[in-house]
Every structure is written in C-alpha cells, then in structure tokens.
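The values are calculated or read from the model by the stated rules, or taken from the named source; none is laboratory data. Bear in mind the structure is a predicted one, so any value in this text is a computation, not a measurement. Positions of Cβ are generated from backbone atoms using ideal geometry, with glycine treated the same way; all protein chains shown enter the neighbour counts.
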Amino acid sequence: REAKRKISRLVDETKPDIAHIHNLRAHLTTSILAPLERAGIPIVWTLHDYKLVCPNSNLLSGDEVCERCIPNRFHHMLVRRCKKGSIGASGIAMLEAFYERLTRVASRVDRFIAPSRFLEGKMIEGGIDRSRIVWLPNFVDAEEGAAGPEGDYYLYVGRLSREKGVDLLIRAAARVGNGRLLILGDGPERGALERLAAELGAAGIEFLGHRTTEEVGSILGAARFVVLPSRWYENLPFSIMEAFAAGRPVVAADIGGIPEMVENGVNGFLFPPGDSEALAGRIAALLDSADLREEMGRAGRRKALELYNPEYHYTRIMEIYRELVPGARSIPPPAYR
C-alpha cells in the first residue's frame with residue numbers, strides 16, 4: 001500500500017509520459033500498476049526472470065528444471081514445495097501468482113521487453129499476448145571491455161549456488177588435470193564446493209570470493225576463457241556479454257537463452273547441461289589452442305559490438321516508447337564513453 005501511495009504521489013507531481021519498470025519484489029509489488037493505469041500512463045516492463053509464469057521465478061523445483069506451472073497451473077508450486085521446500089512459502093507464492101492472474105497484471109502492461117528469445121517464448125507459452133512482448137537484448141559497453149594479454153587461467157564468475165552448476169565445472173577441471181581455474185563469486189554452496197575440490201585433488205582451483213566491479217573486470221579481461229556450466233534456464237547471462245566484450249570465448253551449457261549467445265564452434269563451445277565429461281572435453285580443447293581462443297574471442301567481440309551495444313539498445317528503447325507515446329520528442333542518446 002505504501003508503494004502504491006508513493007507511486008500515486010509521484011505520478012501527480014511529475015506527470016510522466018511513460019513508466020518503465022523492471023523486477024517487482026517484496027515492497028515494490030504489482031500494486032504500483034493501478035495508479036499508472038488510472039493516469040493513462042503507458043507501462044513498459046523489462047523482464048529479468050520467469051515470475052509471471054512460475055511462482056518460484058526461476059522455473060526450478062528443487063534442483064530440477066520444471067515447467068509444470070505453465071500455463072496457469074500454479075497449484076504445482078504448493079504440491080512440490082518449490083520455494084525453499086516449505087509449504088508455507090510455496091503456498092504464499094502460489095496465491096500471489098493466482099492473484100496476479102485474477103487482477104490481469106499481464107494485460108495491464110503495454111509492452112514487455114524480453115532480453116532473450118527463450119524468455120520471450122516462455123512468456124507466450126504462459127499466456128502473455130504475443131503482440132505485447134518484444135525481444136531486446138541487454139547491453140554491455142564493449143568499447144570499455146577490450147582486454148589486454150591473457151593470463152594463465154580460465155574463469156567462472158557468478159553466484160555459487162546449486163543451479164549454477166559449479167560442481168560440474170570442478171569435476172571437469174579435475175578430469176582435465178592441467179590449467180588453472182579461478183572461481184569468482186560467493187554463495188551458499190561455497191563451502192561444499194571447496195570441499196569437493198579438495199576431495200578430487202584439484203589443486204589448480206582457486207576460490208576468490210566476492211570482488212569489486214573493477215577487480216572483476218580486470219580478472220575477466222585476462223582470462224583465457226569463461227565457463228558457465230548452468231543447470232537452469234539462464235535468461236541472457238551478463239557474464240557472457242562481458243566475456244565477449246573482452247574478446248574472450250565462452251564454454252557454456254546448452255540451456256535457456258545461452259545458445260542464442262554462444263554459437264558452438266564460433267565464439268565458444270556448448271555442452272549438454274549436467275555433463276561434466278563433455279565439459280572437460282571443451283575446456284581441454286580451448287586450453288590446448290591459443291589460436292582457437294583468439295579466433296573465437298574475436299567472434300565474440302564482434303557479437304558484443306553488433307548486438308549488445310548500448311547505442312542499439314537505446315535506439316530500440318526509444319522506438320518502443322514512441323510507439324506508445326505518439327508525438328513524443330526525440331531525445332539524443334547519452335554519452336556512454
């Protein structure tokens with residue numbers, strides 16, 4: 001209620017032409033849509049997860065990819081206790097999902113922006129009108145991301161949680177034997193992952209924990225390549241865009257929106273999700289060939305410059321705004337560099 005009142009006051013004071021929202025969580029709920037709708041303000045919503053079709057947001061039930069709730073079968077959330085294994089938490093999430101359907105949340109949004117074709121498809125399967133959703137990838141400043149000489153390691157960067165598949169990467173690294181792997185990030189699985197590395201005798205693995213944005217950029221820029229071994233339906237992983245911007249190839253699981261980014265054999269390698277042996281083979285191939293790393297890195301950088309650049313993103317956002325606000329004045333793009 002407080003968020004709704006504040007949005008109402010903001011609308012009265014500023015009289016915006018358009019409202020653009022991102023993730024709605026906790027204190028900022030879909031209740032904010034009502035005052036925008038009453039004021040006749042077009043609403044654009046950039047999607048970052050699967051919340052509108054999955055009460056658990058991530059299309060996961062425990063460690064398993066799950067699409068049982070699509071379309072509108074949200075009772076599976078409670079039956080399978082998808083949220084933290086809890087009946088209570090799962091029940092609340094299920095009721096929220098049914099409430100959003102009853103209050104026509106999706107139909108009150110004028111345009112949804114899906115950063116990946118995969119997410120776009122899941123939203124359409126879940127009942128969102130195809131005419132209300134557009135595909136527009138996120139962006140990275142590739143001009144700032146150009147890397148220098150590569151170091152002596154390959155890299156994982158991200159959250160250390162079960163769905164990210166870092167245990168598969170550790171098993172693959174142990175199988176390969178040579179090469180140095182840096183694991184950058186933190187999360188609930190860190191302790192278990194450190195124990196796994198010790199049990200496997202994988203001496204070349206280092207856990208760096210959380211680092212500043214500047215440190216992450218520096219470490220990524222000197223990596224030989226980046227690995228993303230996810231088990232879940234990634235949307236449009238920022239770590240892949242950053243790797244491409246730095247001219248580094250990517251080895252990643254063939255799941256979710258990842259295959260839209262990583263073209264197998266062109267700017268990196270794909271492997272079947274969950275297959276640590278196949279992952280080890282892809283890692284070994286890149287460790288063995290500096291020429292292949294350089295060729296794939298150049299291809300990744302071309303993709304970042306062409307598809308994931310801020311100017312293209314800005315142009316498309318302005319086109320979407322003008323479709324919804326006829327006669328809107330043209331605003332020059334901000335300086336990104």
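Observations on the model:
- Test for Arg104: is it surrounded by fewer than 18 Cβ atoms within 10 Å (Cβ to Cβ) and either among the aliphatic types (A, V, I, L, M) or in contact with a helix residue (DSSP H, G or I) (Cβ under 7 Å, 6 or more places away or on another chain) (or both): no
- Every residue from region 42-65 that is in contact with a strand residue (DSSP E or B) (Cβ under 6 Å, 6 or more places away or on another chain) and surrounded by fewer than 18 Cβ atoms within 10 Å (Cβ to Cβ): Thr46
- Conditions (1) surrounded by 14 or more Cβ atoms within 10 Å (Cβ to Cβ); (2) at pLDDT below 90; (3) farther than 26 Å from Met318 by Cβ; number of the one not met by His27: (1)
- With respect to being surrounded by 20 or more Cβ atoms within 10 Å (Cβ to Cβ), in a helix (DSSP H, G or I) and not β-branched (Val, Ile, Thr), Arg316 falls outside the description.
- Failed item in (1) more than 18 Å from the chain's Cα centre (by Cα); (2) more than 26 Å from Gly204 (Cα to Cα); (3) surrounded by 23 or more Cβ atoms within 10 Å (Cβ to Cβ), with Asn267 passing the rest: (2)
- Some residue of region 135-158 being aliphatic (A, V, I, L, M), part of a strand (DSSP E or B) and out of contact with any Phe, Trp or Tyr (no Cβ under 7 Å at 6 or more places or on another chain): yes
- Qualifying residues in region 146-173 (those that are small (Gly, Ala, Ser) and crowded, with 18+ Cβ neighbours inside 10 Å) - the one modelled with the lowest pLDDT: Ala147
- Restricting region 88-141 to residues that are closer than 14 Å to Arg73 by Cα and small (Gly, Ala, Ser) leaves a set whose member that is nearest to the chain's Cα centre (by Cα) is Gly126.
- Strands (runs of 3 or more DSSP E) wholly inside region 12-125 containing at least 1 residues that are small (Gly, Ala, Ser): 19-21, 111-114
- Here Ile128, Ile124 are screened, and the one residue that is modelled with pLDDT under 95 and within 30 Å of Glu323 (Cα to Cα) is Ile128.
- Selection of region 281-320 for residues being farther than 21 Å from Asp141 by Cα and either among the hydroxyl-bearing types (Ser, Thr, Tyr) or in contact with a strand residue (DSSP E or B) (Cβ under 9 Å, 6 or more places away or on another chain) (or both) yields Gly281, Arg282, Ile283, Ala285, Leu286, Leu287, Ser289, Ile320.
- Candidate set from region 287-308 (those that are of a type in the set (A, V, I, L, M) and surrounded by 24 or more Cβ atoms within 10 Å (Cβ to Cβ)); member that is farthest from the chain's Cα centre (by Cα): Met296
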